[in-house]
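Take a look at the structure set out below.
The values are calculated or read from the model by the stated rules, or taken from the named source; none is laboratory data. None of these values were measured; they are calculated from a predicted model. Positions of Cβ are backbone-derived with ideal geometry, glycine not excepted, and every protein chain shown enters the neighbour counts. Quick note on the areas: whole protein, heavy atoms, side chains included, nothing else; ligands and nucleic acids left out. Shrake-Rupley method; radii C 1.70, N 1.55, O 1.52, S 1.80 Å.
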Amino acid sequence: MSIRIGIIGAGGMANYHIPGFRAAGAEVVAIADVKGDAAARAAARYNIPQSYTSVARMLAHEKLDAVSIITPNKFHQPLTLQALAAKKHVFCEKPPAMNAAEASVMAKAASKARRQLIFNFNNRARPEAYAMMDYIRKGAFGKINSAQALWIRRTGIPGFGGWFTTKKLSGGGPVIDLLHMIDLALYFMDYPQPDWVLAQTFRDFIDDKAFKGPWGIPDVARGVTDVEAAAHGFVTFKTGQVLFLRNSWAELNRGEEISVTFQGTKAGGTVRRTFGRDGLDETSIDTCQLFLQENGRSVNRDIIVPADPSMGRIRSASNFVQAIAKHEAPLNTPDQAVKLMKIIDAVYASARSGKPVKVR
Ligand SMILES: NC(=O)c1ccc[n+]([C@@H]2O[C@H](COP(=O)([O-])OP(=O)(O)OC[C@H]3O[C@@H](n4cnc5c(N)ncnc54)[C@H](O)[C@@H]3O)[C@@H](O)[C@H]2O)c1
């Protein structure tokens, strides 16, 4: 019997969740959005039989095995708890929650309900990440001592005054929005226990219309813009490993770069996407490389992988279905999400205090 899924929130990522679920053999049977017209339009576009304006009604009326949550960040935790209480598996967009305390409650609820709770860290499902993990698991890099995680944009503010730039709806700016590379670096490093975080955030350009990206949500004329534009930070781990991070929506960088580079005791590596123009996928170039010393020489190896313009988003939605069916291991776990959110919390706390923050 196929797995029956309901979508919560007709956000842009539905474009990837729905084909990903269907590719893995699941049925998308309903969609709920507080805006009835958004739900009805998405239902028509994706050929989904039922649409709802109330999540509670969708959960009560439909025989669902699982839901996917594609709403502004503030609603990730309450909707996840509501779905888990109804014994549904949950695929939730990133960030997992507004902070670590919320993520921790979600992790406990998933464990109690004995249901999958998987977050959409779609960059783990990119062909480059699968390839890198194959090499990492076979020991090609030795111990990964250090990594640098970057998601930096020059002109990439996703709209002014909407939920993305309103801290009480989003949890923060690019640190929390573009947390994918921090997650990917931690994944490569085997998710070590964080120890200390020292970081700074900057607000320059956050109100400057010249720094708006080519995507995002419509501007809200009298809306709030109270989040950071850029962040730089350093994380140490109990294992002795270290991570340098940079995230920006608006900063005077060369242009958009999405990358994790790391240095191991046997080899180094990088997974990198660079852009000709910020945010325009057709201008992007992906690389996946190994750095070695061989026969007394410095050798760089390109790992050739198929192109994936969806950046793993379809594959990661398929993994959710495969994990419910127990055909694949989940690509991420709630415990990892809690650790990641503790680092994010500490980045903001360190930026506020100007001091290193101990992660507990
Ligand atoms: N993985 C990725 O690459 C990626 C990319 C973009 C956005 N996202 C994430 O997807 C989520 C949604 O972002 P978006 O840009 O699509 O937002 P959006 O504002 O375009 O869409 C969100 C939808 O959720 C609906 N909604 C709001 N509250 C709701 C509730 N309580 N119940 C039901 N529906 C509700 C809204 O009416 C809206 O239609 C965010 O968490 C964002 O971080 C992930």
**Q.** Per residue accessible area in Å² of the stretch 1-110, where ligands, DNA and RNA are left out and the probe is 1.4 Å
**A.** 41
Q) Where the accessible area of the stretch 246-360 is counted over protein heavy atoms with a 1.4 Å probe, how much of it, in %, is carbon and sulfur? A) 51
Q. Tell me, how many Å apart are the Cα centres for the stretch 213-263 and for the stretch 314-349?
A. 20
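Report, to the nearest whole %, how much of the accessible area of the stretch 1-144 belongs to carbon and sulfur atoms, 1.4 Å probe, protein only. Walk me through the numbers on the way to the answer.
Working: 3160 of 6000 Å².
On the stretch 1-144, the fraction of accessible area on carbon and sulfur atoms equals 53 percent.
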Q.
Taking a ≥ b ≥ c as the square roots of the Cα gyration tensor eigenvalues, with a/c under 1.5 meaning rounded and otherwise prolate when a/b beats b/c, else oblate, which class fits the stretch 243-290?
A. oblate
Q.
Connecting C-alpha atoms closer than 10 Å in a GNM of the chain, tell me which of Gln293, Gln116, Gln50 has the biggest fluctuation.
A. Gln293
Q: Taking H placed 1.01 Å from N in the peptide plane, check which residues at least 5 places from Val242 or on another chain put their amide H under 5 Å from its amide H.
A: Ser146, Ala147
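Could you check what % of the DSSP bridge pairs in the chain are antiparallel, to the nearest 5? Working shown, then result.
Details: 47 of 74 bridges.
The antiparallel proportion sits near 65 percent.
With the cut-off at 1.5 for a/c, could you classify the stretch 58-187 from its C-alpha gyration tensor as rounded, prolate or oblate?
Details: a/c = 2.21, a/b = 1.27, b/c = 1.74.
Taking the square roots of the gyration eigenvalues as a ≥ b ≥ c, the stretch 58-187 is oblate.
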Q) Roughly how big is the chain's charge dipole about its Cα centre, with Cβ charges of +1 (Lys, Arg) and -1 (Asp, Glu), in debye to the nearest 20? A) 880
Q: Subtracting the Cα-Cα distance from 0.36 nm times the residue separation, let me have the gained length for Arg352 to Leu292 in nm, one decimal.
A: 17.6 nm
Q.
Assuming 0.36 nm per residue, please report the length gained on full extension of the stretch Arg45 to Glu328 beyond their Cα-Cα distance.
A. 98.9 nm
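For every other residue with a beta carbon closer than 13 angstrom to the beta carbon of Ile136, add +1 if it is Lys or Arg and -1 if Asp or Glu, then tell me the sum.
Details: positive: Arg124, Arg137, Lys138, Lys143, Lys266; negative: Glu128, Asp134, Asp190.
Local net charge: +2.
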Q. Excluding Ala221 itself, what net charge comes from residues whose Cβ is under 14 Å from its Cβ, given Lys and Arg +1 and Asp and Glu -1?
A. 0
(Q) Could you tell me the center-to-center distance, by alpha carbons, between the stretch 20-73 and the stretch 284-298 in angstrom? (A) 44
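What does the charge dipole of the stretch 1-139 about its Cα centre add up to, to the nearest 20 debye, if the Cβ of each Lys and Arg holds +1 and the Cβ of each Asp and Glu holds -1?
On the way: 19 positive and 9 negative charges, 65 e Å.
I would put it at about 320 debye.
Given only helices, namely DSSP H runs of n ≥ 4 each adding -39500 (n - 2.57), what is the per-residue ellipticity at 222 nm of the chain, to the nearest 500 deg cm²/dmol? Let's see the in-between values first.
Values: 11 runs with 112 residues, N = 360.
After summing the helix terms and dividing by the residues of the chain, the value is -9000 deg cm²/dmol.
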Q: Evaluate the charge dipole of the stretch 146-288 about its Cα centre and quote only its size in Debye, nearest 20, assuming +1 on the Cβ of each Lys and Arg and -1 on the Cβ of each Asp and Glu.
A: 120
Q: Principal axes first, then extents: for the Cα atoms of the chain, list largest minus smallest coordinate on each axis, whole Å, largest first.
A: 66, 48, 42
(Q) Could you derive backbone 3J(HN,Hα) for the stretch 146-157 from the dihedral phi with the Karplus parameters 6.51, -1.76 and 1.60 (θ = phi - 60°), listing whole Hz in sequence and x where the residue is Gly or Pro? (A) 8, 8, 10, 10, 10, 10, 10, 10, 8, 10, x, 6
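For Pro194, what is the net charge nearby, where nearby means another residue's Cβ is under 11 Å from its Cβ and Lys, Arg count +1, Asp, Glu -1?
On the way: positive: Lys238, Lys339, Lys342, Lys358, Arg360; negative: Asp195, Asp345.
Value of the local net charge: +3.
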Q.
Name the residue from Gly223, Thr270, Leu84 whose Cα lies farthest towards the positive end of the charge dipole of the chain, charges +1 on Cβ of Lys and Arg and -1 on Cβ of Asp and Glu.
A. Leu84
Q.
Here is the link list: Lys87/Lys138; Lys35/Lys209; Lys266/Lys358; Lys326/Lys358. Which ones come out longer than 32 Å on Cα distance?
A. Lys87/Lys138; Lys326/Lys358
Q: Set the Förster radius R0 to 45 Å, insert the Cβ-Cβ distance between Arg301 and Arg360 as r into 1/(1 + (r/R0)^6), and round the FRET efficiency to 0.05.
A: 0.65
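Checking the a/c ratio against 1.5 first, then a/b against b/c, what shape does the Cα gyration tensor give for the stretch 23-79? Mind showing how you got there, number by number?
Details: a/c = 1.40, a/b = 1.17, b/c = 1.19.
It comes out rounded by the Cα gyration axes.
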